[in-house]
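Working notes, structure below.
The values are calculated or read from the model by the stated rules, or taken from the named source; none is laboratory data. Since the structure is predicted, the reported quantities are computational estimates derived from the model, not experimental observations. When we count neighbours, we look across all protein chains shown, and the Cβ atoms used for this are built from the backbone with ideal geometry, even at glycine.
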Amino acid sequence: MSDQKKRLFLVDAYALIFRGYYALIKNPRINSKGMDTSAIMGFMNSFLDVIKKERPDHLAVCFDKGGSANRVEMFEEYKANRDETPDGIKIAIPYIYKILEAMHIPIMVKEGFEADDVIGTLSKQAEKAGYTTFMVTPDKDFAQLVSENIFMYRPVFGGGYETWGIPEVLKKFEVENPLQVIDYLGMMGDASDNIPGLPGVGDKTAKKFIKQFGSMEGLLENTEQLKGKMKEKVEANAELGLLSKKLATIMLDVPVEFHEKDFEMSEPDVTAVTEIFEELEFRRLTTNFTNAFSVEAMASKGTNHEETTPKKTIQKAAPTTNAGEGQFSLFGGDSQPSTATEVFSSRKTIKDTEHFYQLVQSGMGTKLFIGNLMKQPSVCFDTETTGLNPLTAELVGIAFSWEAGKGFYVAFPEEKEAAQELIEQLRPFFESTEIEKIGQNLKYDIKVLRKYDISVKGQLFDTMLAHYLINPDMRHNMDVLAETYLNYTPVSITELIGKKGKNQKSMRDVPVEEQTEYAVEDADITLQLKEHFSKELIEADNQKLFTDIEVPLVRVLADMEAEGINLDKDFLNSLSGDLDSDILTLEKNIYEEAGEEFNIASPKQLGEILFGKMKLVEKPKKTKTGQYSTAEDVLSYLAKDHKIIADVLEYRGLAKLKSTYVDALPLQVEEATQRVHTDYMQTVAATGRLSSNNPNLQNIPIRTERGRQVRKAFIPRDENYVLLAADYSQIELRIIAALSQEETMMEAFKNGEDIHASTASKVFDVPLAEVTREQRSNAKTVNFGIIYGVSAFGLSNQTDLSRGEAKELIDAYYETYPKLKHYMSEQVNFAREHGYVETIMGRRRYLNAINGSNAIVRGAAERNAVNAPIQGSAADIIKIAMINIHRKLEDGHYKTKMLLQVHDELVFDVYKPELEEMKTLIKYEMENAYLMDVPLDVEVGVGQNWLEAH
DNA sequence: CACATGTGCAA
DNA sequence: TATTGCACATGTG
């Protein structure tokens, strides 16, 4: 294999660093010193992968230094608009240098030249010297350099690499010659490099032009063939086009020379590298590194299935050896211990490691399989369906796994009766109370199976929920979890059924062998994640929260979602008509006042009219992108002086109402049930709250008279039912009072006082009876502000108070409630020391930024330290209440159903004969879900619609 | 068609 | 320079 031409790898350092950093932006790696090591980790992972996979004999890592003097000379805005390099990247650079030096990796830097130009020049020189060069970079600009001997070696999102040779470039850019990539980039521009490009020309147009004219020059010489606006624009920007092309051209005459010897790989200084990794707390990388450089690793090197490397130049590796033997120890994130059973080689799909996935054949095969299945104490399963909506989706198959690396797939027939027959055979498994069921997002599977009249019984372990408790701020989809904790990249669903939109396939259209591979892999991975997470749950002392709250809630939510709520479409239709005519009138008035017609819904156009043309304000506030801000708090000050602004505000309110609620809700009524089924997300809000979508039923208007009308559209199931709404009164303030043991506030609650009036009376030092509306309102604002960690500035923004008055008010507030202030600083201190805060049920939120150096970020973390335990404890309490109520309704075989949760409120469809019983039961369960030193109070209302029920 | 931005609804 | 969310219309590529 090495008898082929010699190979040179040139690594574009910054491109890989940026890519690594942003790939982890949602789950940044923070070590115990609070340092963000994402960029280093991301870069090293990619880099070591290349070494491990390709074993290059000649290699260099190329950095920029001092930018490109040349390009800036040509175009002074070149890269000027780029955001400043994030801190996470800045701190990474010196470490990466140090690591590469310790590894004895050649580093190329040429002051005043970009890495692109250095790499370009070197590859062309190496080509003359008989080398095949691989440019390791994701940056598509490099495509212009590709030749018979020069390839791009691109890391692919989700792991693996793809190689671009001439055919790939020609196909990708739809050109005849790689050099035309320069014309393409020149026309289209590149926002990240600040190459302007031709205005109005994007990917599609650029490709068209190149097919038609061959080059930028060809285009500019033949503009008479263009039409309309495009002709004008291109002609007007000819110079810009030529300049853009120059900027996009990678220079090949950088004063560097390719001497073979300088690029030879040599033995790394293992001790030095290990030391740096230890300092950074990179455990997995340490083994990854040893592996990448070891002889053994070379022998057992596996092939990634995504390999697109040309056969002649890149050695194809031997079939993967048994990865379970333990010569790799790549398992686990840097904080996770590695274990023998969960060892997989880096960035591979599970396909490449030894595994045994079997398709269960019908007849005898099914019987044998089910017999075996029923003997297991604990099984992971995953349903495959025709779509994402569990109310309409049909079963395509179910994967099962109970042993790492092994699993089975039961494919389902399309025909309804046959499918039902098959699921009946599986019923004993799903309805067994003995067998524990493991899954990722089990709510979905439960809802799907529900349609087949199967109820999933027994203990549940949902890996998504488990991870949500382990770190609620991270993302919890299975692909990310597999990468983070198991270090492998599952087959993506897009690979199977294509991107959503144009011609997305259904799972049904996927060959059953591929279904098996994909589905069982997911079950296999989920099973392995469970092993991981169950340990971590214990370490974080979150087991009770998991078992007693989050897991039981899954079934409660599945029931609520399946139930849905009745919506009065006709009523909304008539509202829509009313809104329409009012909006039309306002529109006419606004156009008249503005002297022209424009799109009022466009903040850009509106700002231009109000502040650019009419100049209603001397110094208009701008948004971060430099547009005039037309936000409500800006405009409302001006409404009394300018009719047009009052009209705009009213228009906005009505338009919002119509588009977001009145017109949108009827479209969400499910065909099959004629009801609206929201989807509650249990793992989104970092504090432990639920969120609701498709549609969001947690933000239905209530504050304005007009908006409130929408609530009239939510009605009982039929004439035998009424809607009941039960609200916790001031639950968050009660929690903070109890947690801080602030007696004054606790007393007020115990005595059933109006808490805001009571606060006002104490803070402003007036008798309770003499508190003015304004005083109560200000006290209410502070009460809420305290929960969020408000500043004097923020408070003065929310009230009529000046900054000074706001500060006085806050000071008086803390004097009234000294324990409250103490509690707040205690929370902050706890977070500083432990890195997290927790709720009454031990739900944690990690706040690493609280020890960071950025004052703004740190301030936000400090507010979170106060807010998260309060908001989160309230969430804990209502979740407990929901579970208890759900159980009572089930056990008592009531017809009443729980329908909605809105953070501190529950909504029920109550069967009229059960009404009195329900009022008592619901109020009792909510008030007694969790007992604190402050009583909880729940207000219950009943009505013919949601508005009346309040 | 996908994504960013500005805006605004709820607790 | 107040917490947590979701979703709309516009604008851009």
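A few notes on this one:
- Residue ID - nearest to A:K52 (Cα to Cα), chosen from residues in segment A:237-275 that are among the small types (G, A, S) and surrounded by 12 or more Cβ atoms within 10 Å (Cβ to Cβ): A:A272
- Subset of segment A:457-514 (residues that are aliphatic (A, V, I, L, M) and touching a residue at least 60 places away in the same chain (Cβ under 8 Å)): A:L460, A:M464, A:L465, A:A466, A:L469, A:I470, A:M474, A:V480, A:L486, A:V491, A:M507, A:V512
- Residue-level check: of (1) buried (at least 17 other Cβ atoms within 10 Å of the Cβ); (2) in the same structural domain as A:L170 (by TED's automatic domain parsing), A:F213 misses just (2).
- Some residue of segment A:626-635 being part of a strand (DSSP E or B), free of Cβ contacts under 8 Å to residues at least 40 places away in the same chain and either away from DNA strand B (no atom under 14 Å from the Cβ) or under 25 Å from A:N797 (Cβ atoms) (or both): yes
- Applying the criterion of being polar (S, T, N, Q) and within 16 Å of DNA strand C (Cβ to nearest atom) to the residues of segment A:574-604, the residue that is nearest to A:L657 (Cα to Cα) is A:S576.
- Test: residue in segment A:699-722 that is under 18 Å from A:D904 (Cβ atoms), more than 9 Å from DNA strand B (Cβ to nearest atom) and touching a Ser or Thr at 6+ places or on another chain (Cβ under 9 Å): no
- Residues of segment A:400-428 that turn out to be out of contact with any helix residue (DSSP H, G or I) (no Cβ under 9 Å at 6 or more places or on another chain) and among the basic types (K, R), as a count: 2
- Scan of segment A:665-681 for residues that are more than 30 Å from A:T463 (Cα to Cα), surrounded by 15 or more Cβ atoms within 10 Å (Cβ to Cβ) and either near DNA strand C (Cβ under 10 Å from one of its atoms) or among the aromatic types (F, W, Y) (or both), ordered by number: A:L665
- The test for being β-branched (V, I, T), more than 30 Å from A:Q944 (Cβ to Cβ) and assigned to a loop (DSSP other than H, G, I, E, B) does not hold for A:V648.
- Taking the criterion of being within 16 Å of DNA strand C (Cβ to nearest atom) and not in a strand (DSSP E or B), the residues of segment A:901-921 that qualify are A:V902, A:H903, A:D904.
- Segment A:645-662 - residue that is among the hydrophobic types (A, V, I, L, M, F, W, C) and within 10 Å of DNA strand B (Cβ to nearest atom) and, of those, surrounded by the most Cβ atoms within 10 Å (Cβ to Cβ): A:V648
Conditions (1) within 16 Å of DNA strand B (Cβ to nearest atom); (2) touching a residue at least 40 places away in the same chain (Cβ under 8 Å); (3) buried (at least 18 other Cβ atoms within 10 Å of the Cβ), marked per residue:
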position	(1), (2), (3)
A:M745	no, yes, yes
A:E753	no, no, no
A:V763	no, yes, yes
A:L768	no, no, no
A:R773	no, no, no
A:L795	yes, no, yes
A:E805	no, no, no
A:D811	no, no, no
A:Y814	no, no, no
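- Some residue of segment A:845-868 being of a type in the set (K, R) and more than 31 Å from the chain's Cα centre (by Cα): no
- Restricting A:G941, A:G872 to those that are within 15 Å of DNA strand B (Cβ to nearest atom), part of a strand (DSSP E or B), small (G, A, S) and closer than 29 Å to A:E753 by Cβ reduces the list to A:G941.
- Residues that are within 16 Å of DNA strand B (Cβ to nearest atom) and under 20 Å from A:A738 (Cβ atoms), drawn from segment A:775-793: A:K780, A:V782, A:N783, A:F784, A:G785, A:I786, A:I787, A:Y788, A:G789
Here is a yes/no grid of residues against (1) within 13 Å of DNA strand C (Cβ to nearest atom); (2) surrounded by fewer than 16 Cβ atoms within 10 Å (Cβ to Cβ); (3) more than 20 Å from A:N699 (Cβ to Cβ):
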| site | (1), (2), (3) |
| --- | --- |
| A:P620 | no, no, yes |
| A:G626 | yes, yes, yes |
| A:Y637 | no, yes, yes |
| A:K643 | no, yes, yes |
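- Candidates A:L422, A:L442, filtered to the one that is of a type in the set (A, V, I, L, M, F, W, C) and surrounded by fewer than 22 Cβ atoms within 10 Å (Cβ to Cβ): A:L422
- Among residues of segment A:374-405 being crowded, with 17+ Cβ neighbours inside 10 Å and charged (D, E, K, R), the one that is farthest from the chain's Cα centre (by Cα) is A:E394.
- Restricting segment A:204-257 to residues that are in contact (Cβ under 8 Å) with a residue 60 or more places away in the chain and of a type in the set (V, I, T) leaves a set whose member that is farthest from A:Q180 (Cα to Cα) is A:V256.
- Within segment A:671-687, considering residues that are within 27 Å of the chain's Cα centre (by Cα) and either farther than 28 Å from A:Y468 by Cα or hydroxyl-bearing (S, T, Y) (or both), the one nearest to DNA strand B (Cβ to nearest atom): A:T687
- Flag for A:Q515 being assigned to a helix (DSSP H, G or I) and either modelled with pLDDT under 90 or closer than 23 Å to A:Q358 by Cβ (or both): yes
- Here A:E948 does not qualify as touching a strand residue (DSSP E or B) at 6+ places or on another chain (Cβ under 6 Å), within 16 Å of DNA strand B (Cβ to nearest atom), of a type in the set (D, E) and at negative phi.
- Qualifying helices (runs of 4 or more DSSP H) (wholly inside segment A:180-259; at least 1 residues being more than 24 Å from A:I119 (Cβ to Cβ) and at pLDDT 80 or above): A:203-213, A:216-221, A:228-236, A:238-248
- A:A757 in a helix (DSSP H, G or I), more than 16 Å from DNA strand C (Cβ to nearest atom) and of a type outside the set (D, E, K, R): yes
- Here A:S691 qualifies as within 30 Å of A:V551 (Cα to Cα) and within 11 Å of DNA strand B (Cβ to nearest atom).
- Taking segment A:479-505 as the range and being within 16 Å of DNA strand B (Cβ to nearest atom) and farther than 22 Å from A:F356 by Cα as the test, the residues that pass are A:V480, A:T494, A:I497, A:G498, A:K499, A:K500, A:G501, A:K502, A:N503, A:Q504, A:K505.
- Residue list for segment A:682-735, filter: within 16 Å of DNA strand C (Cβ to nearest atom), buried (at least 22 other Cβ atoms within 10 Å of the Cβ) and small (G, A, S): A:G688, A:A713
- Meets criteria (in the same structural domain as A:L579 (by TED's automatic domain parsing) and either under 17 Å from A:G564 (Cβ atoms) or in a helix (DSSP H, G or I) (or both)) for A:L697: no
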